[in-house]
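Since every read-out is calculated from the coordinates, none of them should be taken as a lab result. Since the structure is predicted, the reported quantities are computational estimates derived from the model, not experimental observations. Using ideal geometry, Cβ is built from the backbone for each residue, glycine included, and neighbour counts are taken over all protein chains shown.
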Amino acid sequence: MTETRKRSAISRFVLFLLGLYALLLVIFLVGRLTLRSDWFLLGLGANFTPYLFGLALIALLLAALLRAPRMAAIYGLLLLIGALWLAPRLLPPLRLPEARGTSLKLVTFNIYPHNQQVEEALEWLLSQNADLLMLQEHSGDFASLEAAYPYARVERSGGSGIFSRYPITEYEEITFGEFVHQRAVIEVAGSPFVLYNLHLSMPLTEDESVPLPLRYDSTQRDAQIREVLARAPEETLPVILVGDFNMSEYSPIYDQIRADYTDAYRAASWGIGATWPGGASEEWTAPLPRLIRLDYVWHTAGFQAQNATVGAPLGSDHLPLIVTLDWLP
């Protein structure tokens, strides 16, 4: 085979791969945006939506290099659809309202039960001087946090804890799924609001004989989210939801939460805001870059997000999320 024929064969093969990926991306967009399906392959792919379009940009460049105008036009259209979908989520907010109420600094962190840097993590948490600190999966000693915060409620079986500088006037533990969740009424200067500290199930089946990507199943997690949302009409006070949702913002269930609550990170910050993976875990031991935002602060009317940042790695497979809210009772 001559060199020219080799190059031609390689070009045809690359164009075939580009066409196949374009077809898969069209199927994904129809399933996600039109049908709003969370069938396991679509649901799994949705978690990595920004990266799917990143590959599409590379595909567009390859099509241009191969002088394939039709293929380039297809990818140009796909990227336009992606930009219209993703830009409102990833670009900075145009302008944040001026703070007019009480500033509340919140930190939520899945500290991970096998964390080898617990002492360092606790020191960092204390250094944040947060008004409200919420933990999930903490298997160590809460004593240093309980000493620093006058109002604390700890659910030790699942490692969840609420640590507050303001009075906790009501408290209950809610069980659904595999974890116990916390609901508290916090009173700030005589004005109460409701705080939920949540740790939702991972979207995986329990069959460990199946390769991890093929175990994706969001049914249980989505049912838990719907149970949380079903409580919303019963609440007469403003509400904050925080915790490890084990959910990407590109999952269909995200839009159901957003119908009732405001995503504080998305309101006050920009970019992907990935909080996972912060390090290796028992589920995923391979080193990976930060990919997905799984940890959230949501709120109803009465609050305005002023700032939201992701913290540094602290020995957990998650990264902490720091949010400042303006509380306007």
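Looking at the P(r) of the chain, how many percent of alpha-carbon pairs lie beyond 31 Å? Don't jump to the answer; show the numbers that get you there.
Values: 20190 of 53956 pairs.
Considering the chain, 37 percent of its Cα-Cα pairs are separated by more than 31 Å.
Name the helices (complete DSSP H segments) of the chain with a Cα length along the long axis of 24 Å or more and a Kyte-Doolittle mean of at least 1.6, or state none. Display every interim value, and only then the final one.
Working: long enough: 3-29 (39 Å, 1.29); 49-65 (25 Å, 2.18); 69-90 (30 Å, 1.34).
Flagged H segments are 49-65.
Using the Cα centre of the chain as origin and beta-carbon charges of +1 (Lys, Arg) and -1 (Asp, Glu), tell me which of 243, 106, 78 is placed farthest towards the positive end of the dipole.
With unit charges placed on the Cβ atoms, the residue in question is 78.
Assigning unit charges at the beta carbon (Lys, Arg +1; Asp, Glu -1) and nothing else, what dipole magnitude in debye, to the nearest 20, does the chain show about its Cα centre? Could the numbers behind the result be given before it?
Working: 24 positive and 34 negative charges, 450 e Å.
Around 2160 debye, computed over the chain.
Between rounded, prolate and oblate, where does the range 3-90 land on the alpha carbon gyration tensor, with a ≥ b ≥ c its root eigenvalues, rounded for a/c under 1.5, else prolate if a/b exceeds b/c? Please list the in-between numbers first.
Values: a/c = 2.75, a/b = 1.93, b/c = 1.43.
Because a/c hits 1.5 or more and a/b exceeds b/c, the range 3-90 counts as prolate.
Estimate the FRET efficiency between residue 172 and residue 58 by the formula 1/(1 + (r/R0)^6), using the beta-carbon distance for r and 45 Å for R0, to the nearest 0.05. Walk me through the numbers on the way to the answer.
Details: r = 50 Å, r/R0 = 1.12.
After rounding, the FRET efficiency stands at 0.35.
5 Å is the cut-off here: which amide hydrogens, built 1.01 Å from N in the peptide plane, fall below it relative to residue 151, excluding neighbours closer than 5 in sequence?
Amide H neighbours of residue 151: 164.
List the residues, sorted by chain then number, that are 5 or more residues from residue 101 or on another chain and whose placed amide H is less than 5 Å from its amide H.
Hits under the 5 Å cutoff: 327.
List the GluC sites (Glu not before Pro) within the range 205-262 that DSSP assigns to loop and that have no more than 15 neighbouring Cβ atoms inside 10 Å. Don't jump to the answer; show the numbers that get you there.
Working: sites: 206, 208, 227, 234, 235, 249; in loops: 206, 208, 235, 249.
Counting only loop positions with at most 15 other Cβ atoms within 10 Å, the GluC sites (Glu not before Pro) in the range 205-262 are 206, 208, 235.
So in the chain, what percent of DSSP beta bridges are antiparallel if you round to the nearest 5?
Working: 47 of 58 bridges.
Here the share of antiparallel DSSP bridges comes out near 80 percent.
Expected output is a single nm value to one decimal: the length gained when fully extending between residue 96 and residue 139, i.e. 0.36 nm times separation in residues minus the C-alpha distance. What is it?
On the way: separation 43, 0.36 × 43 = 15.48 nm, distance 3.78 nm.
Gain on extension, residue 96 to residue 139, equals 11.7 nm.
Can you pull out the trypsin sites (Lys or Arg not before Pro) in the range 85-161 that DSSP calls coil and that have at most 12 other Cβ atoms within 10 Å?
On the way: sites: 89, 95, 100, 105, 153, 156; in loops: 95, 100, 156.
Sites meeting the loop and neighbour criteria: 95, 100, 156.
Taking DSSP loops as anything outside H, G, I, E and B, show the longest stretch in the chain free of chymotrypsin sites (Phe, Trp or Tyr not before Pro) there with at most 15 other beta carbons within 10 Å. Write out the running numbers ahead of the final one.
Details: sites that count: 39, 48, 270, 284.
Formally, the longest exposed-site-free interval is 49-269.
³J(HN,Hα) across the range 39-44 via Karplus (A = 6.51, B = -1.76, C = 1.60, θ = phi - 60°), whole Hz, x for Gly/Pro?
Karplus values, whole Hz, x for Gly and Pro: 3, 4, 6, 5, x, 4.
Under a crude label model (7 Å from the Cα following the beta-carbon direction), how far is residue 8 from residue 312 in nanometres?
About 5.9 nm separates the two model spin labels.
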